[in-house]
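In what follows, a structure is listed as structure tokens, so that the remarks can point back to it.
Coordinate-derived values only; no laboratory data. What you are looking at is a predicted structure, and each value in this text was computed from that prediction instead of being measured. Here the Cβ is made from the backbone with ideal geometry for all residues, glycine too, and neighbour counts use every protein chain on show.
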Amino acid sequence: MTRWKIEDPLLFFKAVRTEAGARARLDDIVFPELRQELATVRFRDVIAQERENIEERVAKSAAEKAAEFGIKVVDVRTKRADLPEEVEQSVFDRMRAERQRESSLFRAEGEEQANIIRAQADRAGTVIRAEGEQEAQQLRGEGEAAAISIYAEALSQDPEFYAFSRRLEAYAGILKQGDTVIIPADSEFFRFLLNNGLQPAAIKQPTE
């Protein structure tokens, strides 16, 4: 709604003649100005805080143009927040672009937080694996030390038996079931069997 009054009656009569003519001229002035202002401001800002500023700017611009018709524009007031059809699509497109920009920003921030959490989890996993490996190595070392201690004690108590048992372990590692072993009669292994009560007859001698 535009409030106006006749400032110069003679000029008014020459330019527009009647009140209806004046209204038509004012509509031609005010509506384009209003559309231009609405096209540059976000729709939610029009409702929230920019409405009065827009009305003041439109009134000032319209007053300058209406002066040549002998008309003084007092003020311009918008009764509703509806957009003109000419600018409605552009305003909606701008609103959609703003929403897409905000959603992209939120997604980027979420991805950044996810990367931070994944990095922290990876670091924690690396630390846990390193600690587990260190503990496993320590346990293996303790087990090997205990085994060496047991072997050393066995060696000190009966060196020959210890040597014999080690040979048996070696044979067990290299021989398969069904293999035949030929042992010289003067070997230490053969001698150990004889010294421990096993009769020569019980030992299979190699045939010529």
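Fully extending the segment from residue 172 to residue 6 would add 47.5 nm, taking 0.36 nm per residue of separation and subtracting the current Cα-Cα distance.
A simple count of charges around residue 116, restricted to other residues whose Cβ falls under 13 Å of its Cβ and scoring Lys, Arg +1 and Asp, Glu -1, yields -2.
Cβ under 13 Å from residue 138's Cβ, residue 138 left aside: what net charge do those residues give with Lys, Arg +1 and Asp, Glu -1?
Details: positive: 140; negative: 131, 133, 135, 142, 144.
Summing Lys and Arg as +1 and Asp and Glu as -1 gives -4.
Does segment 88-145 come out rounded, prolate or oblate by the C-alpha gyration tensor, with a ≥ b ≥ c the root eigenvalues, rounded set by a/c under 1.5 and, if not, prolate when a/b is larger than b/c and oblate if not? Prolate. Which shape class applies to segment 2-82: rounded if a/c is under 1.5, otherwise prolate when a/b exceeds b/c and oblate if not, where a ≥ b ≥ c are the square roots of the Cα gyration tensor eigenvalues? Prolate, since a/c reaches 1.5 and a/b exceeds b/c.
Taking every alpha-carbon pair within segment 1-43, the share separated by more than 12 Å comes to 65 percent.
Taking 35 Å as R0, compute the FRET efficiency from the Cβ-Cβ separation of residue 18 and residue 99 and round it to 0.05. List each step's numbers first, then the result.
Numbers: r = 48 Å, r/R0 = 1.36.
After rounding, the FRET efficiency stands at 0.15.
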